[in-house]
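In what follows, a single structure is set out as structure tokens and then discussed.
The values are calculated or read from the model by the stated rules, or taken from the named source; none is laboratory data. Note that the coordinates shown come from a computational prediction; the quantities given were computed from them, not determined experimentally. Positions of Cβ are generated from backbone atoms using ideal geometry, with glycine treated the same way; all protein chains shown enter the neighbour counts. Quick note on the areas: whole protein, heavy atoms, side chains included, nothing else; ligands and nucleic acids left out. Shrake-Rupley method; radii C 1.70, N 1.55, O 1.52, S 1.80 Å.
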Amino acid sequence: MHDPLPGALPGTDAADVLIVGAGPAGSATALTLRAAGVPRVVLVDRAAHGSPERAALRVGESATPNVGPLLARLGLPDDLGRLGHRPYHGNLSLWSGDGETADDFLRRGSGHGWHLDRARFDRWLRDAAVERGARLLAPATLAGVERRPEGGWTVGLRDADGRRSVTARVVVDAGGRRAPLATALGARRRRLDRLIALAVEAAPAAGPAGGGFRGRSFVEAVEIGWWYAAVLPGGRAIVTLMTDDDIARAAGLAGADAFRSAWAATSRLRDLVPPPEDGPGAGAAPAVFSAASQHVDRAVGAGWIAVGDALIGFDPLTSSGIAGALDDALAAADTILRWFSGDGAAARTAAIGYARRAEDTLRRYLAERTRHYTAGGRWPDAPFWSRRAAR
Ligand SMILES: Cc1cc2nc3c(=O)[nH]c(=O)nc-3n(C[C@H](O)[C@H](O)[C@H](O)COP(=O)(O)OP(=O)(O)OC[C@H]3O[C@@H](n4cnc5c(N)ncnc54)[C@H](O)[C@@H]3O)c2cc1C
């Protein structure tokens, strides 16, 4: 499975490792490789660095308590409060029909997590990679990748000046759910469901109703899926409906009116974060994101490796995306360092170990996902829930 790697490639546009995607997985991989002394690490992202924080609605703000220790392993400060993020103490949910339940992280014996300003968190990780000496090319989009006959890769990039190419000994797919590099190399994406997220920002209720869930995430199951809300560091709340794309289409939920009516029909969410008043033009249409569970059929190949959502995309119910991305980064960097060690047997073992780790993660995750959805089976015959029932 593992061909010998070429030695250092010549030229100013040559990298030891080129990473496509500077989200949490890519930035963490870059900074780990730099900290281990890999000289030329190039991080590529199609989004411009430092674009305005509030340019677009961002999802993925709940960092579970295991994110802090992962940041510490990356050599980063884990006190995110100093960086403007807010403590996240646990979850409130209306899930199984037993009324509202609270799951406090303290009772699980773990510390608290963080409600992140996601744009700021991602930028901070990128900056840390650059401070450690990674080179950031952004905005630049992957336009093609070819194996060089003499070993390594030629990676085509599209940027403001047109097309350029960079050679690299190893390439990393950290490009998120579309897995742009792994799929260009022939890996297949397996989508396991059709979950989408419809999200808006809104003002939480003033007084005790809204205050009661500050520092907590709230989840409410409904017949067509589940709602999620959390107060963001800036004081606004994110409100998200998770459902399947066909269910959303049939009910027109991507429209402002239908979305607001579904929100107004919730039992508890509507008290915590009231939907906008009825009336023409009230409320914004939600932004729509894919939230499907998915994975690529190959985690690693000769001279390439996938991390983060490019490897496995988790259902947001498990809030495991950020921790998974950072953990993948540490494991992938360790694998790449073994490839560079010059010991062929160690390199092969490392690649096999990484592939097995991905299979184990996927197996554990799918069991957890089934357990969560089975516990919430108040509407066993409704399409959203029957599709997720234990079989
Ligand atoms: C609705 C929703 C809610 C979520 N909530 C949570 C949560 O509460 N907690 C949690 O832990 N996780 C959550 N997640 C998951 C979490 O956001 C992801 O797991 C995490 O962002 C994965 O990081 P990543 O670096 O792998 O990918 P991404 O964050 O997607 O980063 C990929 C990067 O690659 C770049 N890129 C993509 N294609 C190209 C290309 N062709 N060329 C160059 N660059 C490219 C993108 O610009 C991007 O910067 C949620 C996800 C969704 C959809």
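A few comments on the model shown:
- HN-Hα J in Hz across segment 367-382 - Karplus 6.51, -1.76, 1.60, θ = phi - 60°, x for Gly and Pro: 5, 5, 4, 5, 4, 4, 6, 5, 5, x, x, 7, 10, x, 8, 6
- Charge sum, other residues only, whose C-beta stays under 14 Å from Asp98's C-beta, Lys/Arg counted +1 and Asp/Glu -1: -1
- Heavy-atom accessible surface of the chain, averaged per residue, reaches 43 Å², computed with a 1.4 Å probe.
- Think of the chain as having a plus end and a minus end, set by charges on the Cβ of Lys, Arg, Asp and Glu; of Leu253, Ala325, Ser217, Ala325 sits farthest toward the positive end of this dipole.
- From phi via Karplus (6.51, -1.76, 1.60), per-residue ³J(HN,Hα) for segment 178-192 in Hz, x at Gly/Pro: 7, 6, x, 7, 4, 6, 5, 8, x, 6, 10, 8, 10, 9, 9
- Averaging the sequence gap over all C-alpha pairs within less than 8 Å and six or more residues apart, then dividing by the number of residues, gives the chain a relative contact order of 21 percent.
- Per principal axis, descending, Cα span of segment 219-344 in whole Å: 68, 33, 24
- Positive-pole candidate from Ser62, Leu76, His49, dipole of segment 43-109, charges at beta carbon: His49
- For Ser110, distant residues with modelled amide H under 5 Å away: none
- Sequence-separation-based contact order of segment 112-262, relative, with Cα cut under 8 Å and 6+ spacing, percent: 16
- Rounded, prolate or oblate (a/c below 1.5 giving rounded, otherwise prolate when a/b exceeds b/c) for the chain by Cα gyration tensor: prolate
- Here the chain is assigned +1 on the Cβ of each Lys and Arg and -1 on the Cβ of each Asp and Glu. Its dipole about the Cα centre then comes out at about 620 debye.
- Global form of segment 319-391, assessed from the alpha-carbon gyration tensor, a/c cut-off 1.5: prolate
- Segment 313-361: trypsin sites (Lys or Arg not before Pro) in DSSP loop, at most 10 other beta carbons within 10 Å: none
- Per residue, the chain reaches -9000 deg cm²/dmol at 222 nm when only DSSP H runs of four or more residues are counted, each adding -39500 (n - 2.57).
- Proximal charge balance of Ala285 [Cβ under 12 Å; K/R count +1, D/E count -1]: 0
- In terms of packing, defined here as the mean over residues of other Cβ atoms within 10 angstrom, the peptides 238-246, 84-92 line up highest first as 238-246, 84-92.
- Asp343 exposes around 80 Å² of accessible area when a 1.4 Å probe is run over every protein chain in place.
- Among beta bridges that DSSP assigns inside segment 10-114, antiparallel share in %, nearest 5: 65
- Segment 137-197: relative contact order as a whole-number percent, Cα under 8 Å and 6+ apart: 23
- Loop GluC sites (Glu not before Pro), segment 271-379 (other Cβ atoms within 10 Å of the site Cβ: 16 or fewer; DSSP): Glu277
- Relative packing of 262-270, 322-330, 110-118, which averages over residues the other C-beta atoms within 10 Å, highest first: 322-330, 110-118, 262-270
- Integer Hz, Karplus 6.51/-1.76/1.60 couplings in order for segment 152-169, x for Gly and Pro: x, 9, 10, 10, x, 10, 10, 9, 4, 8, x, 10, 9, 10, 10, 9, 8, 6
- Charge-dipole axis of the chain as Lys and Arg at +1 and Asp and Glu at -1 on Cβ define it, positive-most pick from Thr266, Ala203, Gly186: Gly186
- Within the chain, percent of DSSP bridges classed antiparallel, to nearest 5: 70
- Apportionment of accessible area to carbon and sulfur, the chain, percent (1.4 Å): 51
- Taking the longest Cα principal axis of the chain as reference, the axis of helix 24-35 is set at about 40 degrees.
- Protection proxy ranking, peptides 35-46, 67-78, average beta carbon neighbours within 10 Å, highest first: 35-46, 67-78
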